[in-house]
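For reference, the structure discussed in these notes is given below.
The values are calculated or read from the model by the stated rules, or taken from the named source; none is laboratory data. This one's a predicted model, so the numbers in the text were calculated from it and none came from an experiment. Please note: Cβ atoms are built from the backbone with ideal geometry, for glycine as well, and neighbour counts cover all protein chains shown. The accessibility values were calculated without ligands, DNA or RNA, using every heavy atom of the protein model including side chains. Shrake-Rupley method; radii C 1.70, N 1.55, O 1.52, S 1.80 Å.
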Amino acid sequence: FGMGLLNNAILFTLIVWGQQYIASGVASILNASAPLFTVIFAHLLTSDEKMSGGRLAGVLIGFAGVAVMIGFDAVEALGVHVTAQLMCLAGAVSYALAGIYGRRFHRMGVSPMATAAGQVIASSILLFPLMLVIDRPWTLPMPSLATIGALVGVAAISTAFAYVLFFRILATAGATNLLLVTFIIPVSAILLGILFLDESLLPKHVMGIVLIGLGLAAIDGRPWPALRRLRASAVPRT
């Protein structure tokens, strides 16, 4: 229920509410702040994911890459519809806290499949009565088969399967690395659009992908010792 509240009920309610009033590009940038919150909260609340200069720099570089990729029009829109933007930002905070809170399930010996199932069931129980009161579904028209099919696809692939991966990665890589997914979402969306929707790859997309790659490398930390060793080996010995 704790994970269902943080990782589903609060998170998606706030983001969906906010996106009624702001553009998806602005929401993407605000959502990409989740790793920054994760670095801060993990430093304060955990003993093994402390903040380092490389991690903080990597998150900031990755965040800049998302902003460049989305476009400066979206950046300029920050500050308009402030309440809606604060809701999306609060959703990112909830996402970050969920990543840290979810670390306990691996220590408890609960499998990623069981954790994912428990979280989704719990969040459904939490939201079901609210849905009945607020949306009153019996007053709405019957959705089409295409809509029902889309919901099944989102539920099976983008939610159930995704959360199994979520908890498996959380158990092995930690909360900070897990929440870096918010940097990858714009990249995958743009690449899929190019592959399947005949969209164009623009210079800002390339620049954003490069910055995100540099940010991920800085957070990972392993490329820098390798580069130093390569540089040292290239220096002639006397």
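Test of understanding: among Ser47, Ser24, which residue is within 16 Å of the chain's Cα centre (by Cα), of a type in the set (Gly, Ala, Ser) and open to solvent by 50 Å² or more (accessible area, probe 1.4 Å)?
Working: Ser47 fails: within 16 Å of the chain's Cα centre (by Cα).
Of Ser47, Ser24, the one residue that is within 16 Å of the chain's Cα centre (by Cα), of a type in the set (Gly, Ala, Ser) and open to solvent by 50 Å² or more (accessible area, probe 1.4 Å) is Ser24.
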From the option list Phe1, Phe37, Phe63, Phe12, single residue qualifying as open to solvent by less than 60 Å² (accessible area, probe 1.4 Å) and either touching a residue at least 12 places away in the same chain (Cβ under 8 Å) or farther than 15 Å from Gln85 by Cβ (or both) is Phe37
Log entry, pairs with first residue in region 154-183 being under 16 Å from Ile40 (Cβ atoms), second being outside any helix (DSSP H, G or I) and among the hydroxyl-bearing types (Ser, Thr, Tyr), beta carbons closer than 9 Å, six or more apart or on different chains, reads Gly174/Thr46; Ala175/Thr46; Thr182/Ser33
Of the residues in region 196-216, those that are part of a helix (DSSP H, G or I) and either open to solvent by 20 Å² or more (accessible area, probe 1.4 Å) or out of contact with any Phe, Trp or Tyr (no Cβ under 8 Å at 6 or more places or on another chain) (or both) number 13
Residue pairs qualifying under the 7 Å Cβ cut-off, at least six apart or on distinct chains, with the first in region 86-100 being closer than 10 Å to Gly18 by Cβ and free of Cβ contacts under 8 Å to residues at least 60 places away in the same chain and the second being crowded, with 23+ Cβ neighbours inside 10 Å and basic (Lys, Arg), are none
